[in-house]
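All remarks here apply to the structure that follows.
Coordinate-derived values only; no laboratory data. Since this is a predicted model, take the numbers as computed values, not measurements. Glycine also receives a Cβ, built like all others from the backbone with ideal geometry; neighbour counts cover every protein chain displayed.
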Amino acid sequence: MTEFWETAFNDKKEMWGMNPTASAELTKDFFLKKSLKNILIPGIGYGRNAQPFITNGINVTGIEISKTAIELAKVHFGNKLTIFHGSVTEMPFENKKYDGIFCYALIHLLDSNKRKKLIQDCYNQLTENGFMIFTAITKKAKNFGKGKLIEIDRYEFHEGAKIFYYDHESVKTEFNDFGLFEINEVIESQPMYLIKCKKN
């Protein structure tokens with residue numbers, strides 16, 4: 001996985017541009033409404049989805065596996081955010097608790113055991129009454145069912161990219177024990193779910 005992302009970033013630099021995703025904007029609005037101040041973004045990349053939070057005075061900490069992406073984030077944001085270098089599968093990197101966590105288009109890249117660990121680790125790093133929001137690709141994506149079947153609803157359609165495709169039932173199965181309260185559809189480059197959880 002590390003080599004796959006390093007190659008992608010080295011080849012294309014800011015490969016998705018600098019505009020934040022629709023999910024990041026929706027999450028920023030939600031976090032502002034809830035007056036959240038400190039958030040964690042696992043898989044922060046080069047920071048394009050951190051931008052709307054930083055601009056609105058929210059403190060951002062990230063986790064990123066690609067050293068190249070971290071260097072790009074430093075170019076764009078300097079000391080306005082903190083990034084831990086490492087895999088989200090190695091969380092936590094610190095004992096700090098956050099009142100919000102935003103995890104964009106990452107969970108569906110993991111196998112079932114790592115997905116469970118990521119959800120649990122994020123939940124553990126939330127403050128009481130904190131919120132975590134995940135985006136996950138859905139079975140409405142055009143590549144669902146294509147390529148090599150790895151496990152149930154998980155396919156490798158080109159080397160190094162193994163994707164698990166969610167439906168409502170699988171979202172509920174994986175998130176129900178972690179304060180799941182809302183599932184919305186959002187269109188990014190692919191159809192996604194915006195999955196909201198609250199720690200009670």
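Summary of computed values
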quantity: Exposure proxy order (Cβ contacts within 10 Å, fewest to most) of Thr68, Thr55, Thr27; calculated: Thr55, Thr68, Thr27
quantity: Sequence-separation-based contact order of region 106-187, relative, with Cα cut under 8 Å and 6+ spacing, percent; calculated: 30 percent
quantity: Pairs of lysine residues in region 131-200 - Cα separation under 28 Å, sequence separation of 8 or more or cross-chain; calculated: 23
quantity: Residue order, fewest to most beta carbons within 10 Å, for His158, His108; calculated: His158, His108
quantity: P(r), alpha carbons of region 62-196 - 5 Å bins starting at zero, rounded %; calculated: 2, 9, 18, 21, 20, 16, 10, 4, 0
quantity: Student exercise, the chain dipole from Lys, Arg, Asp, Glu Cβ charges, in Debye to nearest 20; calculated: 340 debye
quantity: MRE, 222 nm, helices only [DSSP H, n ≥ 4, -39500 (n - 2.57), over the chain, to nearest 500]; calculated: -9000 deg cm²/dmol
